[in-house]
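Q: Mind having a look at this structure? Questions to follow.
Since every read-out is calculated from the coordinates, none of them should be taken as a lab result. Please read all numbers here as calculations on a predicted model, not as lab measurements. Backbone-built Cβ (ideal geometry, glycine too); neighbour counts: all protein chains shown.
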Amino acid sequence: MLESIRGKVTGTDQTYILLETGPVTVRLLAPGYFLRHVSSGDESQFFLLFQIVNEGNKGVPLAVAFPSTSDREFFKKFISVSGVGVRAAAKAMVIPPSELASAIAAGDIKVLKSLPGIGNSRAKQIVAKLQDVMSKSSFASSAAAVSDNARDARAILEQLGIPSSEAVSLVNAVTEKAGQEVSASDLVRSAMKLRG
């Protein structure tokens with residue numbers, strides 16, 4: 001089984017990366033949080049997870065791409081929840097694994113329900129199955145490093161009617177550029193500009 005693949009990105013859409021590796025171009029499913037950081041022309045290495053998914057009466061192979069082995073390990077845990085398949089998990093993961101693990105560890109149903117394709121009952125299932133695992137994992141502890149300013153900015157954005165997952169994505173995008181020490185009000189202003 002392939003562990004990783006290196007090549008040049010020739011295109012992306014809402015769910016896939018097209019990667020040219022030698023004379024072959026492969027189509028890789030990728031979670032939303034990761035797709036936002038991949039652009040045509042990038043030369044990169046992706047860590048892979050192969051799964052056979054049932055579609056009708058046949059099994060279809062899927063290769064899922066991740067930026068790191070730890071993100072791949074989180075994904076494996078996430079799809080262990082009944083009813084959360086490979087495609088559904090990739091679609092739902094619009095926020096990074098550390099943020100998602102933190103929400104699961106905290107039992108934050110509100111954040112989970114804001115993810116595409118995750119309703120109230122599925123969010124409760126995810127918490128029931130993974131809360132203990134995520135509370136003890138390195139995934140959630142890396143999210144604990146998020147500054148108070150970032151948390152406050154997310155809360156303000158949510159009060160303005162922005163969905164939790166989008167608020168997380170916007171604040172993450174701003175803090176990647178500006179750093180963790182930016183004030184909450186500056187984070188909110190920059191996030192709203194980014195949102196357009």
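Q: Of all residues being in contact with a strand residue (DSSP E or B) (Cβ under 6 Å, 6 or more places away or on another chain) and surrounded by fewer than 17 Cβ atoms within 10 Å (Cβ to Cβ) in the range 2-14, which is farthest from V94 (Cα to Cα)? Just the residue, please.
A: L2
Q: I would also like to ask the following. Quick check: anything in the range 25-42 among the aliphatic types (A, V, I, L, M) and part of a loop (DSSP other than H, G, I, E, B)? So that I can check it myself, show each step before the final result.
A: Here is the first cut: in the range 25-42, the residues among the aliphatic types (A, V, I, L, M) are 26, 28-30, 35, 38.
The next check asks that each one be part of a loop (DSSP other than H, G, I, E, B); those that pass are 30, 38.
Checking the range 25-42: at least one residue is among the aliphatic types (A, V, I, L, M) and part of a loop (DSSP other than H, G, I, E, B).
Q: Going residue by residue through the range 67-82, is there one that turns out to be surrounded by fewer than 18 Cβ atoms within 10 Å (Cβ to Cβ), of a type in the set (K, R) and in contact with a strand residue (DSSP E or B) (Cβ under 9 Å, 6 or more places away or on another chain)?
A: yes
Q: Could you figure out which of (1) touching a Leu at 6+ places or on another chain (Cβ under 7 Å); (2) in contact (Cβ under 8 Å) with a residue 60 or more places away in the chain; (3) closer than 29 Å to S185 by Cβ isn't true of A90?
A: (3)
Q: If you don't mind, another one. Scan the range 43-89 for residues that are part of a loop (DSSP other than H, G, I, E, B) and either of a type outside the set (S, T, Y) or touching a Gly at 6+ places or on another chain (Cβ under 7 Å) (or both) and report the count. Spell out the reasoning first.
A: Pass one, the range 43-89, residues part of a loop (DSSP other than H, G, I, E, B): 56-57, 67-68, 79-85.
Checking which are either of a type outside the set (S, T, Y) or touching a Gly at 6+ places or on another chain (Cβ under 7 Å) (or both) leaves us with 56-57, 67, 79, 81, 83-85.
Count: 8.
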